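Data block below; observations after.
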Amino acid sequence: MEIVKNFTSSKLIKKIFIALLGTVFLAISSKIKIPFYPVPMTMQTLMVLVIGIGFGWKLGLATITLYLFEGIIGLPVFSGTPEKGIGVIYFTGPTMGYLIGFLVAVFLSGFFNYGKNLFIIFIKLSFATSFIYIFGMIWLGSLIGWEKPIFKLGAQPFLLAELFKILIVTFTLSQIKKIRKII
């Protein structure tokens, strides 16, 4: 019985370490940014898809949840931190909807079966990513007012770059899926 308990403990420690490592990569990807108003463009959406596919939906959700928790308690893991504030104050700013959308995107990207058809892979990844923007624009509209051009501010500037990021993940999917075998 002790052997089973030790094996389970070591598996849990490994999963926690992987989730923490995922949050480090997410934090680094949040600092790679091109400034836009009111939400900067970062490499986080690419990393969210990679985490979902590579870690699977369960560990992917745990990783994103841990990342959000780290940011909420004040660690400078989000895109505009620490220069634009930290913690709950920053979290509830213009980017909150996008950050919440990460949870749906990581779940879907980790849950889908992809097959080999590149077009279907691209569509599924686009669908998963769309929730980042849907939640982001809903929150942005609630925050700055619906009379503002929400789509023009919160999605349109990012679409070309997002297309490129989704294509990167589409064409490297088989390599990303190999991460699951290590985990």
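Only the coordinates and a few stated rules stand behind these numbers; no lab work does. Please read these numbers as outputs of a predicted model, since none were measured by experiment. Here Cβ is always computed from backbone atoms with ideal geometry, including for glycine, and neighbour counts include all displayed protein chains.
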- Roughly how many nanometres apart are two label points built 7 Å out from the Cα toward the Cβ at K148 and F119? 3.9 nm
- Helical contribution to [θ] at 222 nm, DSSP H n ≥ 4, -39,500 (n - 2.57), averaged over the chain, rounded to 500: -24500 deg cm²/dmol
- List the lysines whose alpha-carbon lies under 18 Å from that of K33, not counting same-chain residues fewer than 8 positions away? K84, K165
- Among V104, V77, V24, what is the fewest-to-most ranking by other Cβ atoms within 10 Å? V24, V104, V77
- What longest range of the chain stays clear of loop-exposed GluC sites (Glu not before Pro) (DSSP non-H/G/I/E/B, at most 11 other C-beta within 10 angstrom)? 1-82
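Starting from the Cα-Cα distance between L12 and L167, subtract it from 0.36 nm times their residue separation and give me the gain in nm to one decimal.
52.5 nm
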- Stretch gain in nm, segment I28-W57, where the contour uses 0.36 nm per residue and the Cα spacing is subtracted: 8.3 nm
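Mind sorting V169, V50, V106, V88 by how few other Cβ atoms lie within 10 Å of their own Cβ, fewest first?
Going from least to most buried by this count: V88, V169, V50, V106.
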- Nearest 10 degrees, 0 to 90: what angle lies between the long axis of helix 96-111 and the longest principal axis of the chain (Cα atoms)? 40 degrees
- Message: Need one number for the stretch 2-182: average projected area of the convex hull over its C-alpha atoms, nm².
- Response: 10.8 nm²
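Do you know the relative contact order of the chain, to the nearest whole percent, from alpha carbon pairs under 8 angstrom that are 6+ apart?
Computed value for the chain: 25 percent relative contact order.
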- Take the cross-link list K14/K181; K124/K148; K31/K178 and give me the ones stretching past 20 Å between alpha-carbons. K124/K148; K31/K178
- In degrees, nearest 10, the alpha-carbon axis of helix 44-72 is tilted away from the dominant principal axis of the alpha carbons of the chain by 70 degrees
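Would you order K31, K58, K178 from fewest to most other beta-carbon atoms within 10 Å of each residue's own beta-carbon?
Taking fewest neighbouring Cβ atoms as first place, the list is K178, K58, K31.
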- Message: Between 0 and 90 degrees, rounded to the nearest ten: what's the tilt of helix 173-182 against the longest Cα principal axis of the chain?
- Response: 40 degrees
